[in-house]
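The block underneath contains the structure these notes are about, expressed in structure tokens.
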Amino acid sequence: MTLAGCSSLGSDDSDKRNLERFTAEQIYTRGEFELENSRSPEDAVFYFSEVERLYPYSEWAKRALIMQAYANHRAKEYEEARGAAQRFLDTYPGDEDAAYAQYLLALSYYDQIDEVGRDQGLTFQALQALRTVIEQYPDSEYARSAILKFDLAFDHLAAKEMEIGRYYLKRGHYTAAINRFRVVVEEFQTTTQTPEALLRLTEAYLALGLNDEAQTAGAILGYNFQSSPFYDDAYRQLRGRGLAAEARGDSWLRNVYRQMIQGRWL
């Protein structure tokens, strides 16, 4: 159906009230037209939802449902996008577009991740939904994008821990700061936040006079991130106390050293 033919289905209130006289294909096509030509994706959502309402369980209703999710996402109506995507997954779990529906559901969380200072609940939900894309649809065209976004969201969580840890460190609450940096080192080792976390651990342990722990943090940092400016800073701080970056003692950091450097997990 051409766009010209589609123009017979207008967007005024009278046409919206009398959609029953149009076929599912005509209404769906009007939704596509609105999505491409209107500045308001909500108009497209209306037509796609009407296809689902008037022609339930038809092939056009199935198409319209996935397009509802997409159009709502375009409109930044994320909760509605999630609802449509989840309905598609519940109704058509084995459909070829199920991977895309799950990806849209994940994006509806991911695109709401704000600056680091906000609550991280949405980040956790984004990670869970992205993981589903990766694990259930590994061969889909969306898996690679989901992996990249998963890594970014994971880094986002680590950055939150770093932000809180720095807050405590600046105020001399060293134990509280160490607890935050420890989470980064133990649970977010693969993120970009790990080098700084090891530096801040070195600083905090030196401030507490726990030299063995400070030296071990410096050793891990030097082994894994020797070219990092964070290592240069840690090295200077240790040398200023007459200490070397080497594994000492039997703290939790020594266990991390065994795991990361010596490959010993027991």
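Laid out as a table, the results:
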item: Scope region 226-237; condition open to solvent by less than 60 Å² (accessible area, probe 1.4 Å) and farther than 12 Å from N211 by Cα; matching residues; result: S228, Y231, D233, A234
item: Residue list for region 238-253, filter: in a helix (DSSP H, G or I) and open to solvent by less than 50 Å² (accessible area, probe 1.4 Å); result: L238, W252, L253
item: Matching entry among E203, E196 (being among the charged types (D, E, K, R), surrounded by 14 or more Cβ atoms within 10 Å (Cβ to Cβ) and within 29 Å of the chain's Cα centre (by Cα)); result: E196
item: Positions within region 113-153 being among the β-branched types (V, I, T), under 15 Å from Q86 (Cβ atoms) and open to solvent by 20 Å² or more (accessible area, probe 1.4 Å), in sequence order; result: T132
item: Count - residues of region 80-112 that are touching a residue at least 24 places away in the same chain (Cβ under 8 Å) and either closer than 17 Å to D139 by Cα or buried (at least 19 other Cβ atoms within 10 Å of the Cβ) (or both); result: 19
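The values are calculated or read from the model by the stated rules, or taken from the named source; none is laboratory data. All values reported here derive from a predicted model rather than from experimental measurement. Note: ideal-geometry Cβ built from the backbone for every residue, glycine included; neighbour counts use all protein chains shown. Note: areas computed on protein heavy atoms with side chains; ligands, DNA, RNA excluded. Shrake-Rupley method; radii C 1.70, N 1.55, O 1.52, S 1.80 Å.
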